[in-house]
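Below is one structure; the comments refer to it alone.
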Amino acid sequence: GEDVEQSLFLSVREGDSSVINCTYTDSSSTYLYWYKQEPGAGLQLLTYIFSNMDMKQDQRLTVLLNKKDKHLSLRIADTQTGDSAIYFCAASPVGDGGYNKLIFGAGTRLAVHP
Amino acid sequence: DTGVSQDPRHKITKRGQNVTFRCDPISEHNRLYWYRQTLGQGPEFLTYFQNEAQLEKSRLLSDRFSAERPKGSFSTLEIQRTEQGDSAMYLCASSFGTSGNNEQFFGPGTRLTVL
């Protein structure tokens, strides 16, 4: 089945760019997602990318997809202290009936310091 | 409609007791998912409903777990004879669609502590 891996921790200085990386194994995953989780809260959908795209930009967020290597990254420009959270990469391998459960990585904890 | 809601937000119970959680999805969403998240891990898929039909159950969902979505709207997740290993955050998500992009919107979760 699908397996998603992420590095566990990233520390950046406020104002710098953050890059969070993710790899997945199932090439049938047609959509890939990034979620943000703040302490004690549920998951907030940040953005997603369709597998026939290489890049998607949404304000301060840029998603890059290398489908050949099954590598996904999330770049946050001008990182702010409010960006401190856990970021989850999720893949959606196609299931029977066309629905897509999400397979999550373990999450990358982003710490932003002054 | 302000999003997916879950009730209760926190539940503390003694080992062996039964617990039930409720999820109210975004109103027009026909798909509903339950996930479980333990400390330091990402959410793990438990089960999925399309309208009132439960179409998939993970092998993580032992016989002590049962989920329902009787009228295709809200859903309940019941755990019988709770064990300490059931302690986790139980997350509900909903989405709309029949195929393709499956943007899932999550509720705040129910944190279960089994003593």
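The values are calculated or read from the model by the stated rules, or taken from the named source; none is laboratory data. Quantities reported herein were computed from a predicted structural model and do not represent experimental measurements. A quick note on method: Cβ atoms are made from the backbone with ideal geometry, for glycine too, and the neighbour counts reach across all protein chains shown. The area values use the complete protein model at the heavy-atom level, side chains included, leaving out ligands, DNA and RNA. Shrake-Rupley method; radii C 1.70, N 1.55, O 1.52, S 1.80 Å.
A few remarks follow.
- Selection count, the stretch B:23-54, where residues are over 18 Å from A:SER92 (Cβ atoms) and of a type in the set (Val, Ile, Thr): 2
- Near pairs, Cβ below 6 angstrom, 6+ apart or cross-chain, from the stretch B:27-53 (more than 14 Å from B:PHE74 (Cα to Cα)) to any residue that is among the polar types (S, T, N, Q): B:PRO43/B:GLN37; B:PHE45/B:SER58; B:LEU46/B:SER58
- Residue count, the stretch B:74-97 (criterion: out of contact with any Ser or Thr (no Cβ under 7 Å at 6 or more places or on another chain), over 12 Å from B:LEU32 (Cα atoms) and in a loop (DSSP other than H, G, I, E, B)): 3
- Flag: B:PHE105 matches the condition of being surrounded by 14 or more Cβ atoms within 10 Å (Cβ to Cβ), facing chain A (nearest Cβ under 8 Å) and hydrophobic (A, V, I, L, M, F, W, C).
- Strands (runs of 3 or more DSSP E) enclosed by the stretch A:5-88 - at least 1 residues per element that are in contact (Cβ under 8 Å) with a residue 60 or more places away in the chain and open to solvent by less than 70 Å² (accessible area, probe 1.4 Å): A:9-13, A:18-24, A:31-37
- Test: residue in the stretch B:76-96 that is of a type in the set (Phe, Trp, Tyr), more than 14 Å from chain A (Cβ to nearest Cβ) and farther than 14 Å from B:LYS11 by Cα: no
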